[in-house]
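Computed from the coordinates by the stated procedures, all read-outs in this text should not be read as laboratory data. What you see is a predicted model; the values in this text were computed from it and never measured. Note: ideal-geometry Cβ built from the backbone for every residue, glycine included; neighbour counts use all protein chains shown.
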Amino acid sequence: EAGVTQFPSHSVIEKGQTVTLRCDPISGHDNLYWYRRVMGKEIKFLLHFVKESKQDESGMPNNRFLAERTGGTYSTLKVQPAELEDSGVYFCASSSWTSGFQETQYFGPGTRLLVL
Amino acid sequence: AQKITQTQPGMFVQEKEAVTLDCTYDTSDQSYGLFWYKQPSSGEMIFLIYQGSYDEQNATEGRYSLNFQKARKSANLVISASQLGDSAMYFCAMRAGGYQKVTFGTGTKLQVIP
């Protein structure tokens, strides 16, 4: 079974440009999460999809970030226009629905974004 | 709000020795779950172990065990018989309340010395 995949693995862009990150969750996983780790800091939650619906987007930093999950399959995270502080590693995670707290989220390898 | 604190930015351990990675947490919720993830240099986050707040016994998974001390709000990861492949970043994390999002600590970089 394929794990969570993310594309691209690395992206270097200039301030003001647009970047789109893609995440393909594990097949059959309804839950999809985006997280971000800025250098040296903790990994922070951005948002959570259940199928194609945004369940929780409380972690989205501002309206320059737009996440979509068309058809409840893969998800994209667009940053437009990118700013220097957007640099970091963007992780995607997915999980199948389980009750309680023992829902294991499976993470992708991340996309390393550098904004110059 | 939930908070995870990992006070050890880096640790060294001799191969075959045991090592404890510290984690303390803060939450006002009575129900929560605690996780440890491993991130090798390749970048992926690998789930290691889970402990529920109502679990009476410490969780164990192979060489990994979680030393859960609820009153102290600590959830330390113990790795027994360290191997070179254990060298990685280790993140403590928590889910609490009605939220599915996971709150992470800043991580501990573990290096296993031959």
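Structural remarks
- Measuring r between the beta carbons of B:Glu61 and A:Thr76 and using R0 = 30 Å, the FRET efficiency lands at 0.30.
- Residues whose amide H falls under 5 Å from that of A:Ser87, counting only those 5 or more places apart or on a different chain, are A:Val115, with hydrogens built in the peptide plane.
- Karplus (6.51, -1.76, 1.60) ³J(HN,Hα), θ = phi - 60°, over region A:68-81, in Hz, Gly and Pro reported as x: 9, 9, 5, x, x, 9, 6, 10, 10, 10, 9, 10, 8, x
- Sorting the segments B:102-111, A:35-44 by their mean number of nearby beta carbons within 10 angstrom, highest to lowest, gives B:102-111, A:35-44.
- Taking amide H as placed 1.01 Å from N in the peptide plane, the amide H of B:Met11 sits under 5 Å from that of B:Lys109, B:Leu110, B:Gln111, each at least 5 places away or on another chain.
- By the rule of a C-alpha distance below 22 Å, with chain neighbours fewer than 8 residues away ignored, the lysines paired with B:Lys3 are A:Lys41, A:Lys44, B:Lys38, B:Lys70, B:Lys73, B:Lys101, B:Lys109.
- In order through region A:12-27: 3J(HN,Hα) via Karplus (6.51 cos²θ - 1.76 cosθ + 1.60), integer Hz, x for Gly, Pro: 10, 9, 8, 3, x, 7, 10, 9, 10, 9, 10, 9, 10, x, 5, 4
- Legend: mean number of C-beta atoms from other chains within 10 angstrom of residue C-beta atoms, peptide B:8-17, equals 0.
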